[in-house]
Structures are given as C-alpha cells and as structure tokens.
1. Is there a residue being at pLDDT 85 or above and within 40 Å of the chain's Cα centre (by Cα) anywhere in the range 29-41?
2. In the range 91-141, which residue that is surrounded by fewer than 19 Cβ atoms within 10 Å (Cβ to Cβ) and charged (D, E, K, R) is farthest from Ala64 (Cα to Cα)?
3. What tally of residues in the range 53-70 results from selecting those that are surrounded by 13 or more Cβ atoms within 10 Å (Cβ to Cβ) and among the small types (Gly, Ala, Ser)?
4. Any idea which of (1) touching a Gly at 6+ places or on another chain (Cβ under 6 Å); (2) in a loop (DSSP other than H, G, I, E, B); (3) of a type outside the set (Lys, Arg) is the one Leu137 doesn't satisfy?
5. Step by step: first the residues of the range 55-111, then only those that are among the small types (Gly, Ala, Ser) and assigned to a strand (DSSP E or B), then the one that is modelled with the lowest pLDDT. Which residue is that?
Amino acid sequence: MKASNLKFVVMTSFLGLAMAACSPMSDNSLLSDKKDDNSSLTVDKTPKAEELYLKLDTASIGPAVTGTKLEVSGECYTSTYGKHRIIARENGFQLVITDVTAASVVANEAQCRNGRFNFSLNVSGMGAGGHSVRVSLEAYDGLSALVLNENQGAAVLNFTR
C-alpha cells in the first residue's frame, strides 16, 4: 500500500471515529438537534420585590467631607420592574442628587444601569457634623404602585461634614 493510500485510510478512520463520538448516545443527550419547548424550562419574568437589591461601594466616608459634592456609587438589581429610581434621603427629606451616568432625566433621581449606579450628592447645604443618608431603590409595578425591599433594597451612607 502506498503512503498516500495509507494516509487516506487513516484520515477516513479518524473522521469516522470523530463523527461517532459526536452522535447522541441516548434520547436525552445534549448532543441532539431535537428542539424541546418544555414550559418548565422557561424563565419567570414576573417582577419580585425580594429581588430588588442595592449595595453601596462605600458605606462610610471619612475624614470630613469638605467639597460641595459627594460621589456615591454601588451595585443594584431592579428585578424585571420596568420603572425604578434611586433616591437619597436624610431624616425623611429627599436630597439633591445628580445621576452621573446620565441615565435619568428626572431631577434628584438616579437609575440602575447594567447592575451599577453612580450619582453626585449635593452636600453644600448640609450643616457641619455627622450625616446619615439612606439610599433607596424604589420600583414601580404595572399599576404604578411603589415596591420596596427594606432588607436589601436600601443602604445607609454615613459621613461627616
């Protein structure tokens, strides 16, 4: 047998072996072309309050803040709620913030984008001393009712001015 014929036989055998290895071995093999539409495998897109999540990158800032703006950022998840906002409050009063990511066109609100938020907090009007600012993720359901997750959808930022 010539060397070129031997190469052909070896390559054909190897190709046959490779094709056999990629064939499904059973009816439930992952290597099949069978398309299932099993409703048990579909993703539930129902918004859930327990999935709302907000975490600050830094929860305490020190020493004393001396500028007029304080940048606040962190992680967030809005579940599948279509409308949401991130706001900052001190003693129940909403504070002046500016969304640094320019996702929000509404004054004093920020948005969660790609799992992150970033806003600038105006601290120029705040008095000297310690401050505790609550940063909250607020979502709205299809009926525009407010949805909150008090456990993991809010965080407290502490700083001294």
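The values are calculated or read from the model by the stated rules, or taken from the named source; none is laboratory data. Source: prediction; values computed, not measured. Positions of Cβ are backbone-derived with ideal geometry, glycine not excepted, and every protein chain shown enters the neighbour counts.
1. First pass over the range 29-41, keeping only residues at pLDDT 85 or above: none.
So far as the range 29-41 goes, no, none of its residues is at pLDDT 85 or above and within 40 Å of the chain's Cα centre (by Cα).
2. Of everything passing the filter in the range 91-141, Asp141 is farthest from Ala64 (Cα to Cα).
3. Matching residues across the range 53-70 total 1.
4. Evaluating Leu137 over (1) touching a Gly at 6+ places or on another chain (Cβ under 6 Å); (2) in a loop (DSSP other than H, G, I, E, B); (3) of a type outside the set (Lys, Arg) leaves (2) as the failure.
5. The extreme case among them is Ser60.
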